[in-house]
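Visitor: The structure follows.
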Amino acid sequence: MILPIRAFGDPVLRKVGKDIDKDYPGLQELIDNMFETMYSANGIGLAAPQIGLDIRMFIVDVTPLAEDEDYEDIAEELKDFKKVFINAQILEESGEEWKFNEGCLSIPDVREDVKRKSTIVIEYYDENFVKHTETFSDIRARVIQHEYDHIEGTLFTDHLSSLKKKLVKGKLVKISQGDVSINYKMRFPK
């Protein structure tokens with residue numbers, strides 16, 4: 001089932017997510033619905049707060065990037081990179097900070113350069129509640145950091161300079177009021 005994505009201004013996007021356990025009601029159905037929702041919006045990541053749940057879960061699927069010539073040197077690593085992250089904790093961020101133009105399904109039509117560290121170590125449970133501690137670099141680390149921010153109540157726009165924040169403020173207000181043209185299901189704050 002395709003779920004509506006919560007728009008900028010929805011209070012759930014500012015909540016720090018709560019840990020869940022393997023008995024979370026309808027977990028597999030929720031995961032399936034999140035992937036269906038993400039694909040219908042042409043996204044490569046989606047966090048539970050974006051569909052109205054203040055829990056520590058997000059999904060990523062960067063396999064479409066394997067076809068992108070910008071990533072041909074890591075295409076092999078990207079082609080099967082589809083993961084579920086439950087109760088994730090970033091343990092370490094390292095390496096050079098690099099700018100990348102980010103967008104967000106909850107903030108349509110806004111794209112800005114965001115600096116993030118190039119490598120992360122993250123601990124998480126997968127959809128079968130098997131615990132992993134893994135290191136990721138490149139665009140995979142970037143996407144994970146972006147989605148991880150969501151379960152911490154942070155949006156990519158929070159990383160912008162004061163000037164950039166002022167420049168996008170009007171767009172953010174319009175989004176929160178539903179004044180945006182999108183081709184996927186969204187729910188706007190009342």
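Yes/no per residue for (1) within 21 Å of residue 158 (Cα to Cα); (2) under 11 Å from the mean Cα position of the chain (by Cα):
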| residue | (1), (2) |
| --- | --- |
| 37 | no, no |
| 58 | yes, yes |
| 65 | no, no |
| 80 | no, no |
| 92 | yes, no |
| 97 | yes, no |
| 106 | yes, yes |
| 113 | yes, no |
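Visitor: For the stretch 73-85, state whether one or more residues are among the aliphatic types (A, V, I, L, M), modelled with pLDDT of 95 or more and in a helix (DSSP H, G or I).
Guide: Residues of the stretch 73-85 among the aliphatic types (A, V, I, L, M): 74-75, 78, 84.
Among the residues that remain, those that are also modelled with pLDDT of 95 or more are: 84.
Within this subset, residues satisfying the condition of being in a helix (DSSP H, G or I) are none.
Among the residues of the stretch 73-85, not one is among the aliphatic types (A, V, I, L, M), modelled with pLDDT of 95 or more and in a helix (DSSP H, G or I), which makes the answer no.
Visitor: Follow-up. Can you report the number of residues in the stretch 1-43 which are assigned to a helix (DSSP H, G or I) and hydrophobic (A, V, I, L, M, F, W, C)? Steps first, answer last, please.
Guide: So in the stretch 1-43, the residues assigned to a helix (DSSP H, G or I) come out as 11-14, 27-40.
Those still in the list that are hydrophobic (A, V, I, L, M, F, W, C) too: 12-13, 27, 30-31, 34-35, 38.
Adding up the residues that qualify gives 8.
Visitor: Could I ask something else about it? Is there a residue in the stretch 99-110 that is of a type outside the set (S, T, N, Q), in contact with a helix residue (DSSP H, G or I) (Cβ under 6 Å, 6 or more places away or on another chain) and over 24 Å from residue 51 (Cβ atoms)?
Guide: The answer is yes; a qualifying residue exists.
Visitor: Find the residue count for the stretch 157-185, including only residues that are open to solvent by 60 Å² or more (accessible area, probe 1.4 Å) and either hydrophobic (A, V, I, L, M, F, W, C) or under 21 Å from residue 37 (Cβ atoms) (or both).
Guide: 6
Visitor: Is it true that some residue in the stretch 53-65 is out of contact with any Ser or Thr (no Cβ under 9 Å at 6 or more places or on another chain), assigned to a helix (DSSP H, G or I) and over 20 Å from residue 146 (Cβ atoms)? Don't jump to the end; show me each part of the working.
Guide: If we filter the stretch 53-65 for residues that are out of contact with any Ser or Thr (no Cβ under 9 Å at 6 or more places or on another chain), which is where we start, we get 53-65.
Now restrict to residues that are assigned to a helix (DSSP H, G or I): 63-65.
Next cut, over 20 Å from residue 146 (Cβ atoms) only: none.
Within the stretch 53-65 (the criterion being out of contact with any Ser or Thr (no Cβ under 9 Å at 6 or more places or on another chain), assigned to a helix (DSSP H, G or I) and over 20 Å from residue 146 (Cβ atoms)), the answer is no, since none of the residues qualifies.
The values are calculated or read from the model by the stated rules, or taken from the named source; none is laboratory data. Here the structure is a predicted model, which is why all the values come from computation and not from measurement. Note that each Cβ is placed from the backbone with ideal geometry, even for glycine, and that neighbours are counted across all protein chains shown. Quick note on the areas: whole protein, heavy atoms, side chains included, nothing else; ligands and nucleic acids left out. Shrake-Rupley method; radii C 1.70, N 1.55, O 1.52, S 1.80 Å.
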